[in-house]
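Colleague: I have a structure I would like to understand better, so I am pasting it below and will then ask my questions one at a time.
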Amino acid sequence: METMPRKEMRRRGARGETRFLTCSCVAGRRYLEGGEARRGIVREMDALVRDGSIDLHAWVVMGNHLHLLATPQCAQVERTLAVLKSNVARSVIGLRGDTHQIWERGGGFDRLVWSTRAYWSIFDYIHFNPVKAGLAATPIDWQWSSARDWERQRRDTPAVRHPDWVMA
């Protein structure tokens, strides 16, 4: 039986629009498990924050997907995600010796965050993802999330901050 191809997403985001982004591993495989893969993702997110490509508000790395609440600082959201995903893929492929694609084809999930209420709902959803999955008792118990950054502002993870429009 032939499977239907995944729908290709066309993003029409403008620079400075806050977005809820999800990148999923192909066929739900758990390529993002393990400290090395997760540390690689954290390094790549940090590089994007440091070079001014994104403002990061919340994130979580799960076994088979990654959630970001971010404001891309360029009009091409795809380009920023492509850099993140390709660098992570090289890191994960290098660790596991796999030679096939790790990310689902298509754009993943991308939602424009247009209200303060939606922002806080997504912020909580991201941080409670490991709790809901039974991986942690509270959001700050999960090491691979920005929940700890908001609680204690760690120094070894990407800088997170709320966008001005949410805090107004």
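The values are calculated or read from the model by the stated rules, or taken from the named source; none is laboratory data. What you see is a predicted model; the values in this text were computed from it and never measured. When we count neighbours, we look across all protein chains shown, and the Cβ atoms used for this are built from the backbone with ideal geometry, even at glycine.
Colleague: Can you pull out the residues in the range 89-131 that are modelled with pLDDT under 80, buried (at least 17 other Cβ atoms within 10 Å of the Cβ) and of a type in the set (V, I, T)?
Modeller: Result: V92, single match.
Colleague: Given the conditions (1) buried (at least 18 other Cβ atoms within 10 Å of the Cβ); (2) at pLDDT below 85, which single one is not true for R155?
Modeller: (1)
Colleague: Here's another thing I want to ask about it. Specify the residue that is surrounded by the most Cβ atoms within 10 Å (Cβ to Cβ); the eligible residues are those in the range 61-76 that are touching a helix residue (DSSP H, G or I) at 6+ places or on another chain (Cβ under 9 Å) and in a strand (DSSP E or B).
Modeller: A70
Colleague: With respect to R79, is the statement that it is part of a helix (DSSP H, G or I), exposed (fewer than 15 other Cβ atoms within 10 Å of the Cβ), charged (D, E, K, R) and at pLDDT below 85 true?
Modeller: So R79 passes the test.
Colleague: Still on this model: Which residues, taken from the range 100-146, are assigned to a helix (DSSP H, G or I) and touching a Ser or Thr at 6+ places or on another chain (Cβ under 8 Å)?
Modeller: Residues of the range 100-146 assigned to a helix (DSSP H, G or I): 116-132, 139-141.
Within the range 100-146, Y119, I126, H127, N129, P130, V131, P139 qualify.
Colleague: Now for a different question. Is it the case, given these coordinates, that M1 is in a loop (DSSP other than H, G, I, E, B), at pLDDT below 80, surrounded by fewer than 17 Cβ atoms within 10 Å (Cβ to Cβ) and touching a strand residue (DSSP E or B) at 6+ places or on another chain (Cβ under 7 Å)? Talk me through it step by step, then tell me what you get.
Modeller: Working: in a loop (DSSP other than H, G, I, E, B): yes; at pLDDT below 80: yes; surrounded by fewer than 17 Cβ atoms within 10 Å (Cβ to Cβ): yes; touching a strand residue (DSSP E or B) at 6+ places or on another chain (Cβ under 7 Å): no.
Considered against the rule, which asks whether it is in a loop (DSSP other than H, G, I, E, B), at pLDDT below 80, surrounded by fewer than 17 Cβ atoms within 10 Å (Cβ to Cβ) and touching a strand residue (DSSP E or B) at 6+ places or on another chain (Cβ under 7 Å), M1 comes out as no.
Colleague: Between a first residue in the range 34-52 that is without any contact (Cβ under 8 Å) to a residue 60 or more places away in the chain and a second residue that is of a type in the set (A, V, I, L, M, F, W, C) and loosely packed, with under 15 Cβ neighbours inside 10 Å, which pairs have beta carbons less than 7 Å apart while being 6 or more apart in sequence or on different chains?
Modeller: Close Cβ pairs satisfying both conditions: E36/L95; A37/L95.
Colleague: Also, quick follow-up: Would you mind stating whether G34 is under 23 Å from R90 (Cβ atoms), small (G, A, S) and at pLDDT 85 or above? Reasoning before the result, please.
Modeller: Numbers: under 23 Å from R90 (Cβ atoms): yes; small (G, A, S): yes; at pLDDT 85 or above: no.
Criteria not met by G34.
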